[in-house]
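The values are calculated or read from the model by the stated rules, or taken from the named source; none is laboratory data. Note that the coordinates shown come from a computational prediction; the quantities given were computed from them, not determined experimentally. Glycine gets a Cβ as well: all are built from the backbone with ideal geometry, and neighbour counts include every protein chain shown.
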Amino acid sequence: MSPPDAEATLCLSCAMCCNGALYAWVPAREDELDRLRAQDFPLEPIGEPPRTGWRQPCPKLQGTACTVYQDRPAACRKYACQVLGDLREGTVTLDEALAATATANGLAAAATATLDAGQSLPDIRRAFVPDAHPLSRAEAEQRLRVATLGLFLDRRFRRPDEEGSLAMSVIGTEEKGPQE
Ligand code: SF4
Ligand code: SF4
């Protein structure tokens, strides 16, 4: 299998960088705002100071496929997680990389099963900020599942130059990147 085919096979088994498991939002580049608006990306100011972007799960994701892949935004075009980087460098085989996405999918499914209608994984991570009320059993189990997913993604998917996902989501700066 050629490297691009291997990369496509890996990413189509995953979508963690698009479905809200790894990130809460994606920043848009100034020079592509018109194009993204024409593609109906739900752009809004996010973060502090506010920057223009869109929230995850990405509305352009269908299953595990990007529906605008050929014309995807710059932040997505430049992004590669640690697993994809390792595959490109040949430090892991495709089978080893697929084992990581299989584990991530299992943990993400367990976490997603606890969500109410309309809730997303980023919504739950934001609730990790200490709150006043004691947690119900269901809330505690939900946070445990989301944290377990986050810790696995930290260990296998986040590059060393990224901060820990849980800490980033708590302070609300969890963006897909890097962006120049
Ligand atoms: S998280 Fe990595 S392996 Fe998964 S879709 Fe994104 S780049 Fe591909
Ligand atoms: S535009 Fe495509 S690659 Fe970018 S976050 Fe959305 S689904 Fe993923």
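Looking across region 58-77 at every residue that is in contact with a Cys (Cβ under 8 Å, 6 or more places away or on another chain) and part of a loop (DSSP other than H, G, I, E, B), the one that is surrounded by the fewest Cβ atoms within 10 Å (Cβ to Cβ) is identified as THR64. Where strands (runs of 3 or more DSSP E) sit wholly within region 1-57, those with at least 2 residues that are more than 16 Å from ligand 1 (Cβ to nearest atom) occupy 44-46, 51-55. Kindly indicate whether any position in region 162-173 is in a loop (DSSP other than H, G, I, E, B), at pLDDT 80 or above and over 23 Å from GLY63 (Cβ atoms). No: region 162-173 contains no residue that is in a loop (DSSP other than H, G, I, E, B), at pLDDT 80 or above and over 23 Å from GLY63 (Cβ atoms). On the stretch given as region 78-104, residues that are within 16 Å of ligand 2 (Cβ to nearest atom), buried (at least 19 other Cβ atoms within 10 Å of the Cβ) and part of a helix (DSSP H, G or I) total 4. Before we move on, is THR114 more than 15 Å from the chain's Cα centre (by Cα), in a strand (DSSP E or B) and away from ligand 1 (no atom under 13 Å from the Cβ)? Judged against the criteria, THR114 is not a match. The residues of region 27-66 that are among the small types (Gly, Ala, Ser), in contact with an Asp or Glu (Cβ under 9 Å, 6 or more places away or on another chain) and within 11 Å of ligand 2 (Cβ to nearest atom) amount to a single one, GLY53.
For (1) under 30 Å from GLU141 (Cβ atoms); (2) hydroxyl-bearing (Ser, Thr, Tyr), each residue gets a yes or a no:
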{"position": "ARG37", "(1), (2)": "no, no"}
{"position": "GLN70", "(1), (2)": "no, no"}
{"position": "PRO73", "(1), (2)": "no, no"}
{"position": "LYS78", "(1), (2)": "no, no"}
{"position": "ALA99", "(1), (2)": "yes, no"}
{"position": "ALA104", "(1), (2)": "yes, no"}
{"position": "THR112", "(1), (2)": "yes, yes"}
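Annotation note: Cβ proximity below 6 Å between a residue of region 4-22 that is free of Cβ contacts under 8 Å to residues at least 40 places away in the same chain and a residue that is of a type in the set (S, T, N, Q) and within 12 Å of ligand 2 (Cβ to nearest atom) (sequence gap 6+ or interchain) occurs for no pair. Only a single criterion out of (1) modelled with pLDDT of 95 or more; (2) closer than 18 Å to THR112 by Cα is not satisfied by ASP40, namely (2). The residue pairs whose first member lies in region 103-130 and is closer than 14 Å to LEU151 by Cβ and modelled with pLDDT of 95 or more, whose second member is outside any loop (DSSP other than H, G, I, E, B) and of a type in the set (Phe, Trp, Tyr), and whose beta carbons are closer than 8 Å, counting only pairs six or more residues apart or on different chains, are THR103/PHE152; ALA104/PHE152; LEU107/PHE152.
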